[in-house]
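Here's the structure, in structure tokens; my notes come after.
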Amino acid sequence: MKTVVVNDHSFAYFPKKWKCCIGTGRLGLALQKEYVDHLARLQKELNFQYIRGHGLLHDDIGIYRERKRADGTVEPFYNFTYIDRIFDTFLELNIRPFVEIGFMPKLLASGEQTIFDWQGNVTPPKDYDQWKQLIQAVISHFIDRYGVEEVTKWPFEIWNEPNLINFWQHADKKEYFKLYKITARAIKEVHPYIQVGGPAICGGSDEWITDFLQFCHKEEVPVDFVSRHAYTSAKPHKVTPDYYYQELYENTHMLDELKNVKELIQQSPFPNLPFHITEYNTSYSPINPVHDTVLNAAYLARILSEAGDIVDSFSYWTFSDVFEEAGVPTAPFHGGFGLIALHGIAKPTYHLFSFFNQLGEQLLYRDSQMVVTKKQDGSIQLVVWNLIMEKGEGLEQTVQIELPTQSDAVFIKRKTIDETNGNPWRVWKEMGRPRFPKKNEIDTLQEVAQPLIRTERRDGLSRTLKLELTLSKNEVSLVEVFPIIDETNTYPGLDDRLIPSY
């Protein structure tokens, strides 16, 4: 049995940098009702600060258009109808855009290479002067509509994963640096205080970080932050029409990657630049069933606990399974990235975020499987997890935790997700994996998506509360301890013994 003794003498601060930003699919999805419903729930319950997604300049939003003049010449026409609707929705839900600039409008593209089912063009502009005019028109419109004080709070990230040939034609580093330079300077010409950054690469090419910052220094190109993505899955060992199967590295792999990139930034000409992880998850595939499991939540718990010590923000990819990179989802549990499955069903990882959202500001204790905090009202919160990567049943672990208390009576609340509780994926399998579930099946899946809640009262404490928690396979639990102000004696004549059966 593991024993942990916690004292309240720590004055460390627990940063909730995991909630600085959340990812979404392409921005055009925000025109769908279910998407907005999911985002409204997310903001009501978790309240993220920023949202980042692809496709600002994709043709489904239609910002860049061309029209013929009376004399037959062609001129650009900028249409902001849909992007206004999308950003208005975000701001009404108290979340700001973390703006990713991409992909290339078809009419401006130099080639026909695209990515995803929705065909995001990944080629450079055929005319960089027209590209610059487009960027400045977009930034100017945002300032005109939302005000300079608001827009200068939005980070602008230039492109997405240009180190991959799928996302940037030939993964041409020199061409990306050219795109970045022209775009960053164009934005700063509109207003010098707007934040610009990149290179938004995925893992495996961190030399891009060094080269990018050296380029910005040598060419005197503006850069206000560094961005990168982080996933922890190996290459697939089986791919089917519906699913993509991958093994996962240890979750410390991601933490080590973040530390390494942080060192690269510190060794660069810009050692104090903010460092944002604008995408992270276990698998990088939108059809990997691991995303639907309790394992996904237990695996990411340590990353939520510790990554905030390294980076300035890290953005989970994504909040919703309203997502179409691999086409329209064909089942409620299809391995999508989202915290919320189709039909508004909360996945286990959603509850992981909810549990972390209840943590306090004062960090009392932390190790590889738990974090303990305290709030100003004297209550104590801890999240504890039992990550099991191996197959099999049983695999329980018991942990004894001694917590400080300033009250002789406390109320204890424990919320749990594990392989049995808060696991709608398990119930969906028991139903026979219906692709298009009926209303009563959806109701059941929503019901079983809730965590198990247990409560108890402890009396006669002497400044120490001893908790013994037995954690099942891949369990994640939130335990909250509140001092009791007992008002029982304010009910004259109270006698529960007079109630039948009690």
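The values are calculated or read from the model by the stated rules, or taken from the named source; none is laboratory data. These figures come from a predicted structure and were not determined experimentally. Ideal geometry is used to build each Cβ from the backbone, glycine not excepted, and the neighbour counts take in all protein chains shown. Surface accessibility is based on the protein's heavy atoms, side chains included, excluding ligands, DNA and RNA. Shrake-Rupley method; radii C 1.70, N 1.55, O 1.52, S 1.80 Å.
P329 meets the conditions (1) in contact (Cβ under 8 Å) with a residue 40 or more places away in the chain; (2) open to solvent by 10 Å² or more (accessible area, probe 1.4 Å); (3) not in a helix (DSSP H, G or I) in every case but one. The failed one is (1).
If you check F116, F90 for being touching a residue at least 60 places away in the same chain (Cβ under 8 Å) and either open to solvent by less than 10 Å² (accessible area, probe 1.4 Å) or farther than 30 Å from L46 by Cα (or both), only one passes: F90. Could you tell me whether any residue of the range 67-76 is touching a Phe, Trp or Tyr at 6+ places or on another chain (Cβ under 8 Å) and at pLDDT below 95? Yes, some residue in the range 67-76 is touching a Phe, Trp or Tyr at 6+ places or on another chain (Cβ under 8 Å) and at pLDDT below 95.
Filtered by the rule that a residue be part of a helix (DSSP H, G or I) and surrounded by fewer than 22 Cβ atoms within 10 Å (Cβ to Cβ), the range 12-26 gives K17, K19. Test each condition in (1) out of contact with any Lys or Arg (no Cβ under 8 Å at 6 or more places or on another chain); (2) in contact (Cβ under 8 Å) with a residue 60 or more places away in the chain; (3) over 28 Å from D459 (Cβ atoms) for S407 and report the one that comes out false. Here S407 meets the rest and fails (3). Within the range 169-196, the set of residues being open to solvent by less than 10 Å² (accessible area, probe 1.4 Å) and either farther than 22 Å from H141 by Cβ or not β-branched (V, I, T) (or both) comprises Y176, L179, Y180, A184, A186.
Might you check whether a residue that is outside any loop (DSSP other than H, G, I, E, B), open to solvent by 10 Å² or more (accessible area, probe 1.4 Å) and outside the structural domain of V448 (by the TED database) occurs anywhere in the range 280-293? Looking through the range 280-293, at least one residue is outside any loop (DSSP other than H, G, I, E, B), open to solvent by 10 Å² or more (accessible area, probe 1.4 Å) and outside the structural domain of V448 (by the TED database). Residues that are of a type in the set (F, W, Y), under 24 Å from H58 (Cα atoms), assigned by the TED database to the domain that holds T318 and surrounded by fewer than 22 Cβ atoms within 10 Å (Cβ to Cβ) are absent from the range 197-219. Screening Y50, Y64, Y128 for residues that are open to solvent by less than 20 Å² (accessible area, probe 1.4 Å) and hydroxyl-bearing (S, T, Y) leaves exactly one candidate, Y64. Contact annotation: residue pairs with Cβ atoms under 9 Å, 6 or more positions apart or on different chains, pairing a residue in the range 346-372 that is not assigned by the TED database to the domain that holds S477 and among the small types (G, A, S) with a partner that is in a helix (DSSP H, G or I) and open to solvent by 10 Å² or more (accessible area, probe 1.4 Å), are A346/R41; A346/S354; A346/Q446; S354/E45. Scanning the range 445-482 for residues that are over 30 Å from E361 (Cβ atoms) and open to solvent by 50 Å² or more (accessible area, probe 1.4 Å) yields Q446, E447.
Could you please let me know if I277 is open to solvent by less than 20 Å² (accessible area, probe 1.4 Å), among the hydrophobic types (A, V, I, L, M, F, W, C), outside any helix (DSSP H, G or I) and farther than 23 Å from W118 by Cα? Against the criterion (open to solvent by less than 20 Å² (accessible area, probe 1.4 Å), among the hydrophobic types (A, V, I, L, M, F, W, C), outside any helix (DSSP H, G or I) and farther than 23 Å from W118 by Cα), I277 qualifies. Restricting Q376, Q381 to residues that are within 16 Å of D8 (Cβ to Cβ), assigned to a strand (DSSP E or B) and not β-branched (V, I, T) narrows the list to Q381. Over 27 Å from the mean Cα position of the chain (by Cα) and free of Cβ contacts under 8 Å to residues at least 60 places away in the same chain: is that true of I158 in this structure? Judged against the criteria, I158 is not a match. Among the conditions (1) within 30 Å of R366 (Cα to Cα); (2) assigned to a strand (DSSP E or B), H9 misses just one, which is (2). In the range 352-373, which residues are outside any strand (DSSP E or B) and open to solvent by 10 Å² or more (accessible area, probe 1.4 Å)? Answer for the range 352-373, where residues must be outside any strand (DSSP E or B) and open to solvent by 10 Å² or more (accessible area, probe 1.4 Å): S354, N357, Q358, E361, S368, Q369.
Annotation for the range 397-419: at least one member residue is modelled with pLDDT of 95 or more, surrounded by fewer than 21 Cβ atoms within 10 Å (Cβ to Cβ) and part of a loop (DSSP other than H, G, I, E, B).
Of the residues making up the range 231-285, those that are within 30 Å of R435 (Cβ to Cβ) and either basic (K, R) or without any contact (Cβ under 8 Å) to a residue 24 or more places away in the chain (or both) are A234, K235, H237, K238, V239, T240, P241, E247. Every test in (1) open to solvent by 60 Å² or more (accessible area, probe 1.4 Å); (2) among the β-branched types (V, I, T); (3) touching a residue at least 60 places away in the same chain (Cβ under 8 Å) is passed by I442 save one, and that test is (1).
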